[in-house]
Amino acid sequence: MNRLSITLRVTLLYTLFMVLLTGLSLGFLFHAGAQSRRQTTLDRMQTMAEASRKELESKDGELEIDRDLEAFDDGVYLSLYDTAGVPLYGFVPREFDNSVIFDDGSLRTVESGGHSWYLYDEQITVEDYGPVWVRSIAAADAFNSTLGTLGKTALLVLPVFVVLAAVCGYLLTRRAFAPVRQITQTAREIGEGGDLSRRIGLTGRKDEIHTLAAEFDAMFARLEQAFDREKQFTDDASHELRTPTAVILSQSEYALENTQPQGETRAALESIHTQAARMAALLSQLLMLARADKGRQVVQREPVDLSELVEMVAETEAEQAEARNITVQTELEPGVMVQGDETLLMRLLINLTENAIRYGRPGGQVKLTLRRQDGQAVGTVEDDGIGIAPEDLDKIWQRFWQADPARSGGAGLGLSMVRWITQAHGGRVTVQSEPGKGSIFTFFLPCEKNENV
């Protein structure tokens, strides 16, 4: 039940309620109708017996019966008997055993001839003649038969009613929950695409769901404003800090080259120069990501030989890897061409390779591969280092997130840039990792359409 959608659950509850309500209503109507019909018949039996008093008289010691006395009316039989039980007038049902003993003023149900009968006896004294028994009879089976027929009819009609109730309930519920589906779809699209300018936009009615949708739209508007302010701050801060950072970097470099400092002074200048270089790289990445968020980062597209680019990055990073006794290996398919921004693609490869070297195992290896597959350039950067915990696999793409800040030596922006660069080129990047066994980062980029393969 918990796995069913709310629409189906409401439909099932609605259908169950309608079936129960209909069943109870039919049961009540059948019972009330039967009781009413039974009481009407019993009243008719007594009324006919009472009416016979006026239709009986005696003349010269003989019983005379008025022709207006009805012996059968609406399923009720009337008959007259003398005190010895000899029939004098009227009819009895063919299946009824007329030997049933008389009982004055008794309204009862008897079994006779394999059937049930309502029986009413009354003794009437006719002047100058004497006592006469009046008996009225009605078939009790007729009521049970009628109820049985109605019950069978209800059992045949009920499944059709259940289907109609379920279909109508589903359609009504689906229509009622249509705004909820619109809210869900909009929220999913915002979550997948990151477009906070999207709105649900429910208009018209002012019920609870429309009020909820309006609150969601207001929340999205506030979130959009907050993110815009954050992006603007990052952009402005990065831009404003570039100039003083560049001055620090250039002045420390000038001091190192021209003043010939010694000892602690030189060490201090070298530290300043190193940290300024790191800050400049960080500001450059922040500025690029801020512009990318605003859609202002230009991607220059041109034919790029990705195979040569990977080889160049591998050779460049080999020196850094050697310092940690890590070997850089390549397995490249030649002439893999893509349409993209060479500078950004080089940044993608450098970030992945430096990340593999930084978290790789000393004495281990980093392997770069590239191949064509289904119209895509598929590249991997594999290391045999510390790996990534399963619960952290989704976090590595977040800005400034670091699994081991003391070891990384970076700012936690490299993989964020990798993801953005692949997406900006119409591709994607994935990761497979196991703690203690290393990681494999795989990127997919569309090959150049006119590439000869």
Report the Cα-based extents of region 33-167 along its three principal axes, largest first, to the nearest Å. 78, 27, 21
Mean separation of Cα contacts under 8 Å, 6 or more apart, over the residue count of region 76-176: relative contact order %: 23 percent
Note the full-extension length gain between residue 215 and residue 82 as 0.36 nm times their separation in residues minus their Cα-Cα distance, in nm to one decimal. 38.8 nm
For residue 140, enumerate residues with amide H under 5 Å from its amide H, sequence gap 5+ or separate chain, H modeled in the peptide plane. 116, 117, 118
Distance in nm between label sites at residue 37 and residue 55, each 7 Å beyond Cα in the beta-carbon direction? 2.5 nm
Relative contact order of the chain, please, whole-number percent, based on alpha carbon pairs below 8 angstrom and at least 6 residues apart. 9 percent
Where q = 0.11, 0.15, 0.19 Å⁻¹, what log10 of I(q)/I(0) comes from the Debye formula for region 1-99, counting one point per Cα? -0.56, -0.78, -1.00
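Counting pairs of alpha carbon atoms under 8 Å apart in space and at least six apart in sequence, what relative contact order in percent does region 292-381 give?
With pairs under 8 Å counted, the relative contact order is 34 percent.
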In order through region 414-420: 3J(HN,Hα) via Karplus (6.51 cos²θ - 1.76 cosθ + 1.60), integer Hz, x for Gly, Pro: x, 6, 4, 5, 4, 5, 5
Report, by chain and number, residues whose modeled amide H sits under 5 Å from the one on residue 103, excluding near sequence neighbours (fewer than 5 apart, same chain). 121
Give the aspartates and glutamates reachable from residue 59 as a straight Cα distance under 14 Å; neighbours fewer than 8 places away on the same chain don't count. 127, 128
Mean Cβ-within-10 Å packing, highest first, puts peptides 417-423, 55-61 in the order 417-423, 55-61
Run the quick spin-label model on residue 342 and residue 424: label points 7 Å from Cα toward the beta carbon, then report their separation in nm to one decimal. 1.7 nm
With N residues in the chain, Rg(alpha-carbon) / (2.2 N^0.38 Å) equals 2.18
Could you derive backbone 3J(HN,Hα) for region 74-84 from the dihedral phi with the Karplus parameters 6.51, -1.76 and 1.60 (θ = phi - 60°), listing whole Hz in sequence and x where the residue is Gly or Pro? 6, x, 10, 9, 10, 8, 10, 9, 7, 5, 8
Set of aspartates and glutamates near residue 449 by C-alpha distance (under 14 Å), chain-local residues within fewer than 8 positions excluded: 302, 305, 374
So what are the ³J(HN,Hα) numbers for region 342-355, from phi and the Karplus equation (6.51, -1.76, 1.60; θ = phi - 60°), rounded to whole Hz, Gly and Pro as x? 4, 5, 5, 5, 5, 4, 4, 5, 5, 4, 5, 5, 5, 5
Show the residues, 5+ positions off or on another chain, whose built amide H is closer than 5 Å to the amide H of residue 385. 361, 438, 439
Near residue 206, which aspartates and glutamates are there with a Cα under 19 Å away, not counting those fewer than 8 places off in the same chain? 215, 217
Which value in deg cm²/dmol, rounded to the nearest 500, describes the helix-derived mean residue ellipticity at 222 nm for the chain, given -39,500 (n - 2.57) per DSSP H run of n ≥ 4 and division by the residue count? -18500 deg cm²/dmol
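Read-outs: derived from the displayed coordinates by stated rules, not from any lab. Everything numeric in this text was worked out from a predicted model, so none of it was measured. A quick note on method: Cβ atoms are made from the backbone with ideal geometry, for glycine too, and the neighbour counts reach across all protein chains shown.
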